[in-house]
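Reading through the structure tokens given below for one structure.
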Amino acid sequence: MITNPASEQPAAVGRPPAAQAAVRVAGLRKHFGGVVALGSVELTIEQGEFFTLLGPSGSGKTTLLRLIAGFEQPDAGQIELGGRDVTRLPPYARNVNTVFQDYALFPHMTVAANIEYALRVRRMPKPQRREKAGRALDMVRLTGLGERKPSQLSGGQRQRVALARAIVNEPQVLLLDEPLGALDLKLRQEMQTELQRVQREVGITFVYVTHDQEEALSMSDRIAVLNQGHIEQVGPPMEVYERPRTEFVAGFIGISNLIERAGSQITVRPEKIRLLAGDEQPADGAVVETGQIRDVVYVGVLTRYVIALDAGGELVVARQNDEAPALAPGLRGTRVRIAWRADQAFTVTRGSEPGPGHRDPGRHHEDLSPGHDER
Ligand SMILES: Nc1ncnc2c1ncn2[C@@H]1O[C@H](COP(=O)(O)OP(=O)(O)O)[C@@H](O)[C@H]1O
Ligand SMILES: [Mg+2]
């Protein structure tokens, strides 16, 4: 589905100075019946950013996107696009386009007609329309396929058409709601790279929704992690991964590696922990703990060891299988020493209490799979 931009001005002319944020959301709240879909959300997205809303199913990602698009009205709060208050404006009066997972192409129209549709509605002359659609097709690497019908395309190609149909409007902001969710893994990875490239080339601000942490980490300039209708942390991928501020972020991005020490919740990423060999001396200032190997999981490039610690709790240690073969699974029960640099451990907060209507308080990885358990 597509929303028509407010004006026929080219985006470059209508675009406010870079000092204005592309999207600014303040005190935004939305509930549906008894369910608080969004608490009080504050968020600023800069011009030209690839910004990702990451969170589990039901955390409010789609609601936030639909509020920005204007498909929903907030209970409270304000939304600005490029410095302009659009809170009360209908979708067509906001210079925003949305790409959904299900493409929503018109099946009876050719690819070119689909892409040109919004331009035609805006009464752009045909030659100009053709040219813009042609360029959009080139951009998504579908040159020459304009005369096909959507049914004659693969899923990945249809998603590219949906993307072309959105960027042809040159919106200020492109909203993408799990656009790759219907594609298989290989195609999804290919499209991730494509989406990043297109975003850099067109320079449009992307607000991208996903529940897939790897996708978020690999594509985004910045990530906002959502949990139960509120934002837990905002930052560049590396910061969100390496320095999770809350228990939820630590658990949702990567493996939940939490232990309680001296009354604080502490997290250390598995690859930052070293399994010390027999008489190996830990580095100066390292934190050393002893324990027992409870489980060994071989995953190809690395092996994960679940260590039950003598001081309480468990930590997963990841060890790259780069030299020696992986330590064998027969090691279960072996006593070990592990060590990590003190500056690689972070204290996290428990995060805020769930709002009413939310079923599962927090989310923890019971298994060791890296966050694909929602598909
Ligand atoms: N139209 C609606 N009516 C009732 N509840 C809704 C509606 N849309 C969303 N919700 C509820 O709001 C919460 C957030 O939903 P949503 O924004 O779709 O989450 P996400 O996109 O992160 O999966 C969920 O609890 C969901 O059930
Ligand atoms: Mg959703």
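Selection within the range 44-87: residues that are among the hydroxyl-bearing types (Ser, Thr, Tyr) and more than 9 Å from ligand 2 (Cβ to nearest atom). The member of this set that is farthest from LYS30 (Cα to Cα) is THR52. Would you pick out the residues in the range 39-72 that are outside any helix (DSSP H, G or I) and in contact with a His (Cβ under 9 Å, 6 or more places away or on another chain)? Hits for the range 39-72 are GLY39, SER40, VAL41, LEU54, GLY55, PRO56, SER57, GLY58, SER59, GLY60. Looking across the range 162-190, the residues that are in a loop (DSSP other than H, G, I, E, B) and either within 16 Å of ligand 1 (Cβ to nearest atom) or closer than 15 Å to LEU105 by Cα (or both) come down to VAL168, GLU178, PRO179, LEU180, GLY181, ALA182.
Failed condition for PHE252, given (1) within 16 Å of ligand 1 (Cβ to nearest atom); (2) modelled with pLDDT of 95 or more; (3) closer than 22 Å to VAL316 by Cβ, with all others met? For PHE252, the exception is condition (2).
Checked against the criterion of being within 27 Å of the chain's Cα centre (by Cα) and either surrounded by fewer than 16 Cβ atoms within 10 Å (Cβ to Cβ) or touching a residue at least 40 places away in the same chain (Cβ under 8 Å) (or both), the range 304-313 contains one or more residues that satisfy it. Would you confirm whether or not the range 191-212 contains a residue that is modelled with pLDDT under 95, within 16 Å of ligand 1 (Cβ to nearest atom), among the aliphatic types (A, V, I, L, M) and outside any helix (DSSP H, G or I)? Looking for residues that are modelled with pLDDT under 95, within 16 Å of ligand 1 (Cβ to nearest atom), among the aliphatic types (A, V, I, L, M) and outside any helix (DSSP H, G or I), one finds none in the range 191-212, hence no. Annotation note: of GLN233, GLN157, GLN192, the sole residue that is away from ligand 2 (no atom under 16 Å from the Cβ) and within 25 Å of GLU80 (Cα to Cα) is GLN233. Contact map, the range 47-61: residues that are within 14 Å of GLU178 (Cβ to Cβ) paired with residues that are within 16 Å of ligand 2 (Cβ to nearest atom) and of a type in the set (Lys, Arg), Cβ distance under 7 Å, separation 6+ or inter-chain. Pairs shown: LEU53/LYS61; GLY55/LYS61; PRO56/ARG363. Within the set PRO74, PRO17, PRO56, the sole residue that is more than 13 Å from LEU175 (Cα to Cα) and modelled with pLDDT under 95 turns out to be PRO17. Considering the range 236-324, there are no qualifying strands (runs of 3 or more DSSP E) wholly inside with 2 or more residues that are on the phi < 0 side of the Ramachandran plot and assigned by TED's automatic domain parsing to the domain that holds PHE50.
If the condition is being closer than 21 Å to VAL240 by Cα, of a type outside the set (A, V, I, L, M, F, W, C) and more than 8 Å from ligand 1 (Cβ to nearest atom), then the range 48-71 contributes GLY48, GLU49, THR52.
The values are calculated or read from the model by the stated rules, or taken from the named source; none is laboratory data. The shown structure was predicted, so the numbers you read here are calculated from the model rather than taken from an experiment. Reconstructed Cβ throughout: ideal geometry from the backbone, glycine too, with neighbour counts over all protein chains shown.
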